[in-house]
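Chemist: Have a look at the structure that comes next, please.
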Amino acid sequence: MVDDYLSDREQEEALRNWWRENWKWIFGGIALGLALLGGWRYWESYQTQRAHAASQQYARFQDALVQSDREQADRLLQELAAEHDASPYTQQARLLLAKDHVEAGRFDEAIALLHAVVEQSDDEELAEIARLRTARLLIQQGKHDEALKLLDVGQAGAFAARLREIRGDALVAKGDEEGARAEYAAALGAADPGQVDRRLLELKLQQIGGGTTPNPTPGQP
């Protein structure tokens, strides 16, 4: 409303005064915005380049495993971990090399790789898969208590049925059939279709004196 009462000359003078007082802030804001935009684009380009480099190293690692060149695979994994430790490619490479070690009977080497995935993976599901595989290897080594300590039911999430089954396996190996029955029953209760082999799980339960709940006959309550 005040502007309505100013003459054209007064308005021009007010605008010039405002510009003299604020031009530095305006240009500073523009420069800062351009710098942030340029920095963001540089960061995106940098991340894309790093992801591409990691994928190429992972492909070379896979080739080495296919050719059974474990020395080369080990070296490539070390390079991948040194340069791209947070990358999913590094965690997948660790899982693949761990599988190779298991097939060769080198359980300690496999466990070390799986522990690295558990500790360093940003993917919670991938970390849980590595944890479950570690527990199975510990059971095979007779380290039942270590396996049970590793299998935290409270953090199992979508893997609850599988985790309960492995806990049951550890307890059977320890001779604790009562505890194993409870774990197998809990696994059956938590299992989603396809998460566990229900028939195998029911067989395990029957072998230690547990019963299973039969599926209802069609037409019966």
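The values are calculated or read from the model by the stated rules, or taken from the named source; none is laboratory data. This is a predicted model, so every value here is computed, not measured. Glycine also receives a Cβ, built like all others from the backbone with ideal geometry; neighbour counts cover every protein chain displayed.
Chemist: Would it be correct to say that A54 is at pLDDT 70 or above and of a type outside the set (S, T, N, Q)?
Modeler: In short, yes.
Chemist: For the stretch 189-221, what are the residues that are within 22 Å of E128 (Cβ to Cβ) and either modelled with pLDDT of 90 or more or among the charged types (D, E, K, R) (or both)?
Modeler: Of everything in the stretch 189-221, those that are within 22 Å of E128 (Cβ to Cβ) and either modelled with pLDDT of 90 or more or among the charged types (D, E, K, R) (or both) turn out to be D192, D197, R198, L200, L201, K204.
Chemist: Those residues that are of a type outside the set (K, R) and surrounded by 18 or more Cβ atoms within 10 Å (Cβ to Cβ), I need them from the stretch 130-143; list them, please.
Modeler: A130, L132, T134, A135, L137, L138, I139
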